[in-house]
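Contents: one structure, followed by commentary.
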């Protein structure tokens, strides 16, 4: 099914949570890898106006993703997601540009991925902090996995990393165009700057 059901948690101690994940018996799906994500839209930003996402991502492979508008149900974000691997990142970008899309921003992260039962656990190091993203078949399954890892469900986040970035830009008056590690080099971002609270205390 082309559906994404997920929730995020801000982490104060990512290494401690990583150890909890390992101790839980979760299976390592993907070792830590650097990701570069390009967000594309029309010049009029028509996709963003409809709360849709068109993304091209490069890590150990390249993936093209479409996401529909999201709804929060049962405390998690649900949305349509269609994603597939493409063989050539550069050619995929040129195709999108030939169709009239343009890259309007990009974001970077390091991601390590595990699987616990039916739930995928992504440990993300973003330029502005560390997070765990849990994705599964239902809100109940995700909630159970969060409980097993000692994550405080009341401190979950349902906003995207880019939405957090835009809110952070406005709050701190940042002029960065992309969510990159270079742009945040030397800048201290507190969880309250993100409207977040550590869920792993």
Checking 84, 128, 66 against a Gaussian network model of the chain (alpha-carbon springs below 10 Å), the top fluctuating residue turns out to be 84
Distance from segment 127-142 to segment 62-90 (C-alpha centre basis), Å: 14 Å
For the Cα atoms of the chain, what angle does the longest principal axis make with the long axis of helix 14-23, in degrees from 0 to 90, nearest 10? 60 degrees
Give the Rg/Rh ratio for the chain, taking Rg as the radius of gyration of the Cα atoms and Rh as the Kirkwood radius, to two decimals. 0.95
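Per DSSP H run of at least 4 residues, take -39500 (n - 2.57); add these up for the chain, divide by its residues and hand me the 222 nm value, nearest 500 deg cm²/dmol.
Working: 5 runs with 46 residues, N = 201.
Taken over the chain, the calculation gives -6500 deg cm²/dmol.
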Expressed in Å to one decimal, the Kirkwood Rh of segment 79-178 from all distinct alpha-carbon pairs is 16.3 Å
Please arrange 126, 45 by how many other C-beta atoms lie within 10 Å of their C-beta, fewest to most. 45, 126
Taking every eigenvalue of the Cα gyration tensor of segment 1-84, multiplying by 5 and rooting it, what semi-axes result, largest first, whole Å? 28, 18, 13
Cα long-axis angle, helix 89-98 against the chain (0 to 90 degrees, to the nearest 10): 50 degrees
Tell me the relative contact order for segment 3-194 as a rounded percent, counting alpha carbon contacts under 8 Å between residues six or more apart. 28 percent
Cα-based equivalent ellipsoid, segment 147-201: semi-axes from gyration tensor eigenvalues, Å: 25, 12, 10
Any chance you could give the angle, 0 to 90 degrees and rounded to 10, that helix 139-148 forms with the longest Cα principal axis of the chain? 50 degrees
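Mind ordering 140-153, 92-105 by average Cβ neighbours within 10 Å, highest first?
Working: 140-153: 18.1, 92-105: 14.4.
Averaged packing, sorted descending, gives the order 140-153, 92-105.
Quick note: the coordinates plus some simple rules give every number you see, no bench work behind them. These numbers come from a predicted model, not from an experiment. Methodologically, a virtual Cβ is constructed for each residue, glycine included, from the backbone with ideal geometry; neighbour enumeration extends over all protein chains shown.
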